[in-house]
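What follows draws every value from the coordinates through simple rules; no lab data is involved. Because the structure is predicted, anything quoted here is derived from the model rather than measured. As a convention, Cβ positions derive from the backbone with ideal geometry for all residues, glycine included, and neighbour counts pool all protein chains shown.
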Amino acid sequence: MFKMFKDLSSHKELMLILVQRNIKIRYKNSVLGFLWTLLGPIFLICIYAIFLNLMKFDMNLPSLVTGIIAWQFLAMCMGDSLHAIIGNANLVTKASFPRIILPTSMVLANTVNFLLSMIVLIIYLIIVKVSFGPLILLPVIIITQLALCLGMALIISTLNVFFRDTEHVLSTIMLAWFFLTPVIYETGYVMPRATELIGPAAYFLFFSNPMTGILTAYRAVFMSSGITGLHLVGISFAVSWVLFVIGVIFFQKAQARFGDEL
Amino acid sequence: MSENVITVENIGKMFRLKKSGYRTLKSAILDSLRFRGSAMHDFWALKDINFSVGKGESLGIIGINGAGKSTLLSLIAGTKQPTEGRIQTKGSMSCLLELGAGFHPDLTGRENVLLAGAIMGIPQVQMRQRIDSIIEFAELQEFIDQPVKHYSSGMYVRLGFAVAVEVNPDILLIDEVLAVGDAAFQRKCIQKMDEFRQNGKTMLIISHDLRTIQAISDRILFLNDGKVFGIGDPQSMVHSYESLSRQLATRGLRREWGTGEVKITGAEFSDKNGKLTDRFRWGDLLDAKISYDAPKMIKNPVFGFAISDSNGRIIYGNNTQIEKYDIPSVQGKGYVCLRIDNIQMSRGNYLFSFSVHSSDHKVNYHRLDNTFPIAVESDKPFEGFCYMPCHWKK
């Protein structure tokens, strides 16, 4: 664990270059390039606005786009992490450096995108005049989500080195995870039915999904009122950090064999 | 060579190979249900490797394909972890493994150089100062801002080599760089390596180019079958490597047959001083001692030999009958000696065949065809393999 922080701090420049490279490669051959990071969330908000109007979908727009943007951060990290190691096989087999830099720089590149989306989101929220909650807590939530994303990315990038099935398993898991998380619905909307089915434990189960608490926290910070389950957010945060620690330990144990497998 | 900068102790590297195909989740589950190791087999690419390299020393590594040379270098570079044993290195290290040093095809040459520097832990400021000399050495002034995917393989190698040397490491590891690139660039590389050597840097070089490696190494490590076959003086290591490759070259041509009433159990060659060798020079004397074993007494056997070129074509042959050397009988173990007073053959590798048959040629007791290789060094210019003394007159 300490080794990880030592490795990362002694290779700051490499990390910076890899983050830049990840961002650069994503927008290579595109005319608007980096501008897409801003255009993406703007279009997203517009399209969901039209969709909500047409479908009479029972959810308010700020809450929906907050959920989608936060979910996208996780989904992008998961998708990219599949290739964080195997896509850099030429580096892993030809040079010696702390391998953890590869998935970390990939997650950080996605974090840059996410932060820019957040700015667009916050501007939008200001325009539609939501009543903000304790915005001061936002960095805590973002860092927790970052820990979750990194932990998961470390696990997935490692698994994909040894088992190429990971890619297919992951797409299924991500779909299930998406619907288990209150992204396109509100927690308050499903809980009565869930409690009816499995009793009072339903709340604990629902919030043991780290993304549930993270989304709930974002919504609480952005739209203070009418949030269900705020007192259970701590469970989700704890799970996020546990996954982060598991990810780091797992990765550090497995990385010695990367050179042989690639 | 006061201090060792690379110490390799009892290194072993095992690869777990699946008997067929890729490893998938399904196969991993199936394997764990089966008895251990049934679908995998262990392969030791390296075993019991011990050596050390002193500061300022150049160590060449030679061996046939698959001997474990590249694996050894990647263990020292740290891209692979040894299964057992310990490797210690001191000082900064720059490596050129399998060429290209991990360039990303979509980044430009310049970006890749900076990336390579960052991987080696060199501050960007320093890297920017060095980039001009890197570009100059690689002769890529026009192309440095193009993505490397548009590079020719020669350009790729030039850039890789330029980065590896210009970052000025304490230890330089090079895997087969001399095989690629045109003659001019190869010369430049060798020159650079010489310069490197003079500056008291340590180098480990893998190459199949025996002349070059002999010239630029202080010592040579000869790997065979994942083990140290020998380490020491470049010339003697290159000789024993060449002798081994000759043995291997006979494999496809070697034939053995006969009734076995007399068996040829071995043959060894020696020079005029009686020293065992398989290397001879133009005009040298060659003594061959051919051991046999005859369980029962055999009357009037005829011993013969033939010399073939490396493709197995006979270029000369003779026997005791032709030379009217009568052997009344053989029984038990013994040997016959063959002396060639004056080897007059062109430079190259040759294969000796030995045979023993009955005097009427009806029974072949034992024949070992193309089994014993020798090398001949010669500067005598003539056509063909075998020289015949001749005179011109007008």
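A compact table of results
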read-out	value
Among B:207, B:359, B:245, residue whose mean-square fluctuation peaks in a GNM of chain B (springs only between Cα atoms under 10 Å)	B:359
Partner chain coverage, peptide B:108-121 - average Cβ within 10 angstrom	4
Lys/Arg +1, Asp/Glu -1 at C-beta; the protein assembly as shown dipole; positive extreme among B:294, B:325, A:146	B:294
Axial C-alpha extent at least 18 Å, average Kyte-Doolittle at least 0.0 - helices from chain B (DSSP)	B:153-166
Span from the segment A:198-240 Cα centroid across to the segment B:74-137 one, whole angstrom	46
Those lysines that a straight Cα-Cα span of less than 26 Å connects to residue B:394, excepting residues fewer than 8 apart in one chain	B:380
The protein assembly as shown, helix-only ellipticity at 222 nm - DSSP H runs n ≥ 4, -39,500 (n - 2.57), divided by all residues, nearest 500	-15000 deg cm²/dmol
Reachable aspartates and glutamates from residue B:47, criterion Cα separation under 17 angstrom, eight or more residues apart if same chain	A:260, B:9, B:84, B:225
Sequence of A:55, B:155 once ranked by neighbouring C-beta atoms within 10 Å, starting from the fewest	A:55, B:155
Among B:269, B:359, B:337 the positive-end extreme of the charge dipole of segment B:257-377 (Cβ point charges)	B:359
Choice from B:204, B:140, B:59 showing the highest fluctuation, given a GNM over chain B with Cα pairs closer than 10 Å	B:140
Mean separation of Cα contacts under 8 Å, 6 or more apart, over the residue count of segment B:257-377: relative contact order %	34
Residues A:30, A:10, B:52, sorted so that the one with the fewest Cβ neighbours within 10 Å comes first	A:30, A:10, B:52
Under 27 Å from the Cα of residue A:28 - lysines, other chains or at least 8 residues apart	A:12, A:94, B:149
Span from the segment B:238-296 Cα centroid across to the segment B:324-394 one, whole angstrom	11
Lys, Arg +1 and Asp, Glu -1 on Cβ, resulting dipole of the protein assembly as shown about Cα centre, debye, nearest 20	700
Cα-based Lys proximity count in segment B:257-377, under 16 Å, for pairs eight or more positions apart or on separate chains	11
Modelled FRET efficiency - R0 51 Å, residue B:90 with residue B:142, Cβ distances, 0.05 increments	0.80
Nearest-20 debye value, segment B:257-377 charge dipole, Cβ charges on Lys, Arg, Asp, Glu	140
Sequence-separation-based contact order of segment A:72-190, relative, with Cα cut under 8 Å and 6+ spacing, percent	42
Residues in segment A:27-68 reached by a label modelled at residue A:189 [backbone nitrogen below 20 Å; 7 Å Cα→Cβ]	A:44-68
Computed over chain A, Cα set: Rg, Dmax in Å	19.2, 57
